[in-house]
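The values are calculated or read from the model by the stated rules, or taken from the named source; none is laboratory data. Bear in mind the structure is a predicted one, so any value in this text is a computation, not a measurement. Virtual Cβ from ideal backbone geometry, glycine too; neighbours counted across all protein chains shown.
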């Protein structure tokens, strides 16, 4: 059986938090590891967490649930979570679920740093 698609994450510090850049699909197979990574970063209580999704071409409901949990945890300590650069397919999923009204979504990383 082939390995499940892997999501990679790179990060860049911000004066008030961090930018996380994701590459690869986010799905049932890899969302538990991604969830743990997000929880670890959120536990440090950054004021701003920017999630650059430019490298994510596909996300299933498990992936969406992972990001909803991250948003809830980030807001619980008064922090801001902003997604940016969502590809059309992923943005479509957020719109169908009406999550585009729940998440702060910016067109670019630069814009996400000021939302």
Practice task
Could you please tell me which pairs satisfy a Cβ distance under 6 Å, a separation of 6+ or placement on different chains, a first residue in segment 51-76 that is in contact (Cβ under 8 Å) with a residue 40 or more places away in the chain and at negative phi, and a second residue that is surrounded by 15 or more Cβ atoms within 10 Å (Cβ to Cβ) and part of a helix (DSSP H, G or I)?
Solution key: 52/109; 56/90; 66/31; 66/34; 66/35
Practice task
Have a look at 36, 12 and point out the one that is in a strand (DSSP E or B) and loosely packed, with under 14 Cβ neighbours inside 10 Å.
Solution key: 12
Fill in the blank from the handout: Cβ pairs under 6 Å, 6+ apart or interchain, first in segment 91-115 and at negative phi and modelled with pLDDT of 95 or more, second in a loop (DSSP other than H, G, I, E, B) and surrounded by 12 or more Cβ atoms within 10 Å (Cβ to Cβ), ordered by first then second residue, are 104/115; 106/115
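Are any of the residues in segment 58-71 part of a strand (DSSP E or B), at pLDDT 95 or above, surrounded by 14 or more Cβ atoms within 10 Å (Cβ to Cβ) and out of contact with any helix residue (DSSP H, G or I) (no Cβ under 9 Å at 6 or more places or on another chain)? Can you show your working first?
So the first thing to find is which residues in segment 58-71 are part of a strand (DSSP E or B), and the list is 59.
Then keep just the ones that are at pLDDT 95 or above; that gives 59.
When the remaining residues are screened for being surrounded by 14 or more Cβ atoms within 10 Å (Cβ to Cβ), the result is 59.
Okay, now just the ones that are also out of contact with any helix residue (DSSP H, G or I) (no Cβ under 9 Å at 6 or more places or on another chain), so none.
No, segment 58-71 contains no residue that is part of a strand (DSSP E or B), at pLDDT 95 or above, surrounded by 14 or more Cβ atoms within 10 Å (Cβ to Cβ) and out of contact with any helix residue (DSSP H, G or I) (no Cβ under 9 Å at 6 or more places or on another chain).
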Practice task
Could you tell me whether any residue of segment 42-53 is modelled with pLDDT of 95 or more, buried (at least 18 other Cβ atoms within 10 Å of the Cβ), under 12 Å from the mean Cα position of the chain (by Cα) and assigned to a helix (DSSP H, G or I)?
Solution key: yes
Practice task
Tell me, please, whether a residue that is assigned to a helix (DSSP H, G or I), surrounded by 18 or more Cβ atoms within 10 Å (Cβ to Cβ), under 12 Å from the mean Cα position of the chain (by Cα) and touching a residue at least 12 places away in the same chain (Cβ under 8 Å) can be found in segment 78-90.
Solution key: yes
